[in-house]
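Please treat every number below as a calculation from the coordinates, not as lab data. Since we're looking at a predicted model, the values are computed, not measured. Counting neighbours? That spans all protein chains shown, and the Cβs are built from the backbone with ideal geometry, glycine included.
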Amino acid sequence: MKKTLIEPSKKIPVSGIYDVVVVGGGIAGVSAALAASRNSASVCLIEKENGLGGLATLGNVVIYLPLCDGMGNQVIKGICEELIKVSVKDGFKKIPECWTDKKGTTEERSANRYRVEFNPMSFMLELEQLIVKNKIKLYYDTRFCDVILEKNRIKGITVENKSGRSAILCKSVVDASGDADVCFMAGEKTVSSDTNVRAGWFYYYEGGEVKRYSFTRPYDPYRKKPDGKMSFKGDDADDVTNFTVETRKLLLKTLNDMRKEKRDIRPLFMTSVPAFRMSRRLKGKIEIEEKHDHKYFDDCVGMTGDWRKKGPVLFIPLSSLTCIRTGNLISAGRCISANSAWDITRAIPTCAVTGEAAGTAAAMLCRKKLSSFSELEIGELQKQLLKQKVLIDRKIATRQEERH
Ligand SMILES: Cc1cc2nc3c(=O)[nH]c(=O)nc-3n(C[C@H](O)[C@H](O)[C@H](O)COP(=O)(O)OP(=O)(O)OC[C@H]3O[C@@H](n4cnc5c(N)ncnc54)[C@H](O)[C@@H]3O)c2cc1C
């Protein structure tokens, strides 16, 4: 049995009081904070690193996967579309013309999906400006530690930063930590995945040019860890450290292999967050499955295509974001409740969709003084999301049903 000790209780300062606390400043957290703030909530955003965007920027991911279904239909708008435009604001790369031009035909749009490659540093700077301009209180270098529960509600969280440990009181919490840290600490059921392989995209300098190396693809020869185990979960301290050290060993090996080809290569810039694709997620009332393709849920709060193939459309239910026990806690991004569809819901656009839905719902919960997301009037939430240009189009499901 692991050794334990009782931590002495002590008074800690309250460093803020907000309607909505968003934990994690990745794409999901930024989207949630923007949505909550634009819905008149006072909002703070807690981020342990010193930049916004999470894996998308600090993880050098750089491809904003599609906002369409691959058949020429746009299935995502709202904050997700606002952010794809922000991601290419520096003019580094452009959104395919057929998606910016109203005259783009279905054939052109099927052939060129609505996706883009962006410059991670420019995107990170732009995201920060967006948060500041929207008057969201930003806490960098601040780690979420624990929840302060009162019956089945979170009345605040504890955080640690340069000022020490403090409490932030709130009416609602969005868990956009990517790893379901808040859900886990609140005692919600979570699921961890051990499918993560060493990964970390880096930039290097060669022959006067800056180039990107994207390792690893899930099925490359480096997949196995030296001890023979297949992969990492990313849900405990040792695993995160081992993943990081092993990834860097692989990076060095990759560089040495390239140098053996007599190439003069210098590493320039690598990820500052561990590149876990699927670590820990919420197990909610509904776990989104691939078989839910074109299945409409009455509590739908947004839609997504499948970045891997053309055709599928998933309707995202509110009950895949909300918690079972903790009434005022909602998840967003890669840690929502998705099972076989996890590989879809973790993509940047879908994280923005679930972030916007979670932030809007959290603000509504506060405005209406409700104690649980289960008390929200779903029609009212959907009406507000539609007003924000979120796409929720039941006809897409109906048309598919008619075809069968
Ligand atoms: C190798 C790799 C390649 C990928 N390729 C693509 C791609 O090409 N296109 C694409 O669309 N998607 C891709 N993805 C997936 C996608 O990038 C991520 O799933 C998505 O960006 C996740 O967004 P998020 O906001 O949910 O989580 P994250 O980006 O993980 O953000 C979570 C944030 O929370 C912070 N945080 C975590 N815990 C705490 C805590 N306790 N306290 C305070 N802050 C905390 C983190 O620092 C981070 O900033 C890839 C992922 C990986 C790993």
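What to note about this one:
- Relative packing of peptides 303-314, 108-119 - highest average C-beta neighbours within 10 Å first: 303-314, 108-119
- Placing pseudo-labels 7 Å out from each Cα toward the beta carbon at GLU7 and ASN50 gives an inter-label distance of 2.5 nm.
- Expected 222 nm ellipticity per residue - DSSP helices of 4 or more, -39500 (n - 2.57), all of the chain, to 500: -9000 deg cm²/dmol
- Mean sequence separation of contacting Cα pairs (under 8 Å, at least six apart), scaled by the length of the chain, corresponds to a relative contact order of 22 percent.
- For the chain, built as a Gaussian network whose Cα springs stay under 10 Å, the top-fluctuating residue of VAL88, VAL191, VAL14: VAL14
- Under the Karplus curve 6.51 cos²θ - 1.76 cosθ + 1.60, θ = phi - 60°, whole-Hz ³J(HN,Hα) for the stretch 87-100, x wherever Gly or Pro sits: 5, 10, 4, 7, x, 4, 9, 10, 5, x, 4, 4, 8, 9
- Multiplying the residue separation of GLU107 and ASP298 by 0.36 nm and removing their Cα-Cα distance gives an extension gain of 65.6 nm.
- 3J(HN,Hα) couplings calculated from phi for the stretch 77-83 with the Karplus curve 6.51 cos²θ - 1.76 cosθ + 1.60 (θ = phi - 60°) are, in sequence order, 10, x, 4, 4, 6, 4, 6 Hz; Gly and Pro show x.
- If R0 is taken as 22 Å, the Cβ-Cβ distance between LYS389 and GLN129 corresponds to a FRET efficiency of 0.55.
- Of the residues GLN382, SER163, ILE17, the one whose Cα sits farthest towards the positive end of the charge dipole of the chain is SER163 (charges of +1 on Lys and Arg Cβ, -1 on Asp and Glu Cβ, taken about the Cα centre).
- Highest to lowest packing among 355-361, 60-66, 18-24, scored as the average C-beta count within 10 Å: 355-361, 18-24, 60-66
- Tensor-based shape of the stretch 116-178 (alpha-carbon gyration tensor, a/c under 1.5 rounded, otherwise prolate or oblate): prolate
- Highest-fluctuation residue, VAL75, VAL240, VAL390 considered, GNM on the chain with Cα pairs under 10 Å: VAL240
- Contour minus Cα-Cα distance for GLU209 and GLU377 (0.36 nm per residue): 55.0 nm
- Alpha carbon centroid spacing (whole Å) that separates the stretch 314-331 from the stretch 139-200: 16 Å
- Most to least packed among 51-57, 167-173 [average Cβ atoms within 10 Å]: 51-57, 167-173
- Of ARG153, ARG248, ARG280, the residue with the greatest mean-square motion in the GNM of the chain, using alpha carbon springs below 10 Å, is ARG248.
- Cα centroids of the stretch 236-282 and the stretch 345-404: 37 Å apart.
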